[in-house]
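Please read the structure below before turning to the comments.
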Amino acid sequence: MVTTCASPAAVQLMSVKDVVCASAPDLQRLTGLSNSDVQQLITAAAAVCRRHPPITAQQLQHGVSGAQLRLGCPVLDRLLRGGLPVGGITELAGESGTGKTQVGLQLSLSVQYPAEHGGLGAGALYVCTEDSFPIKRLHQLIGEQVCLRSDVPADLVSSLRFSDHVYIEHTADLDSLLVCLTRRARLLLTRGLVRLIVVDSVAALFRTEFQADDWLERNRQLLTFSSMLHHLSQEFSTPVLCINQVTDVFSQSHNSMGPSLSTVSPALGLAWANQVMVRLMMSRLQGTVVRGDQSSALRRLEVVFAPHLARDGQNAAVWREGLRGVESWTSNRK
């Protein structure tokens, strides 16, 4: 309980929440404190509420904010300055078939490597909200890890039991998603079994459960969901990847939340965009990449915004072993 002296009587603020939820003029009127004393009171209350110090852009840029989770491809990790930041929400948006789920699967394996090889030494919780989990593709990626991660000793790769440490949850509605995060995710994180949460996709349930005129309730639920993710991410130093759908954009002046020349923008609007620390987008380009006996549609991974990254992009392709950056290729344009 915080007690401040007012005139003529003492005013009791029963909780820290009472302080942070009140405006400075109201606090000054209730307590009789000077403006500078009220500001000190608000600062002290905010420090109590904040469990973890905020991560600055400078810390992210210089890699001093903690570990990062690599994708396992040097070209793409260079674009991301080492990988996904630990502590915060990273969004990956794009149209269907661009390779978003490939990234989620690839990170679910990469997180299991020890820190010296770009992982976090634990498993992943993969939450599916629309499609069934692509188990066959996961096993294919596991079988090709030696090819993708040539930087890791082969005996270390073979010693990792990848499939035992990808925890899969299917949530059919928003309530089950919130239960999954508050119970299942927290339990796995507390036991140290996972250090990555993937939600595939974040837009599916919010689009199906709310009509256009329910935007206020949708935003309220969206903020509750994002708050849960932020708390889990900060408390357990866990990266969170949210895969998102897109909506069509008819005017470039209304597309400040997506790539400058794109005709689509990430779903869920500004309310969701404000909860995201890093926004990435994937798209398919006109062209086919050929490598040996394999061919892949050319993709592009772009940084839309991030506090520590320049707005940039990198061409990529999906191979049997996973997503790799493409610096030069043989292209068969359609």
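Rundown of residues vs (1) among the charged types (D, E, K, R); (2) open to solvent by 60 Å² or more (accessible area, probe 1.4 Å); (3) at pLDDT 95 or above, yes/no style:
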position	(1), (2), (3)
Q294	no, no, yes
R299	yes, no, yes
E302	yes, no, yes
H308	no, no, no
Q314	no, no, yes
A317	no, no, yes
L323	no, no, yes
E327	yes, yes, no
K334	yes, yes, no
(message) Among the residues that make up the range 147-154, is at least one of them touching a strand residue (DSSP E or B) at 6+ places or on another chain (Cβ under 8 Å) and either polar (S, T, N, Q) or farther than 26 Å from T190 by Cβ (or both)?
(response) yes
(message) Among the listed residues R51, R81, identify the single one that is modelled with pLDDT of 85 or more, open to solvent by 60 Å² or more (accessible area, probe 1.4 Å), not hydrophobic (A, V, I, L, M, F, W, C) and not in a helix (DSSP H, G or I).
(response) R81
(request) Determine if the range 246-261 includes at least one residue that is at pLDDT 85 or above, surrounded by 13 or more Cβ atoms within 10 Å (Cβ to Cβ), out of contact with any helix residue (DSSP H, G or I) (no Cβ under 9 Å at 6 or more places or on another chain) and within 29 Å of L69 (Cα to Cα). (result) no
(message) Restricting to the range 218-254, and then to whatever is free of Cβ contacts under 8 Å to residues at least 40 places away in the same chain and of a type in the set (A, V, I, L, M, F, W, C), can you tell me which residue is nearest to T129 (Cα to Cα)?
(response) V249
(message) So Q286 ticks every box in (1) open to solvent by 20 Å² or more (accessible area, probe 1.4 Å); (2) under 23 Å from the mean Cα position of the chain (by Cα); (3) at pLDDT below 95 but one. Which box is left unticked?
(response) (2)
(request) Could you list, in sequence order, all residues of the range 175-196 that are open to solvent by 30 Å² or more (accessible area, probe 1.4 Å) and either in contact with a Ser or Thr (Cβ under 6 Å, 6 or more places away or on another chain) or assigned to a helix (DSSP H, G or I) (or both)? (result) D175, S176, V179, T182, R183, R184, R186, L187, T190, R195
(message) Residues that are more than 19 Å from V103 (Cβ to Cβ): list the strands (runs of 3 or more DSSP E) wholly contained in the range 214-327 that include at least 3 such residues.
(response) 278-291
(message) Give me the residue from the range 202-217 that is free of Cβ contacts under 8 Å to residues at least 24 places away in the same chain and not acidic (D, E) and, out of that set, least open to solvent (accessible area, probe 1.4 Å).
(response) F210
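The values are calculated or read from the model by the stated rules, or taken from the named source; none is laboratory data. As the structure is a prediction and not an experimental result, all values here were calculated from the model. Neighbour counts run over all protein chains shown; Cβ positions are idealised from the backbone, glycine included. SASA here: full protein model, heavy atoms, side chains in, ligands and nucleic acids out. Shrake-Rupley method; radii C 1.70, N 1.55, O 1.52, S 1.80 Å.
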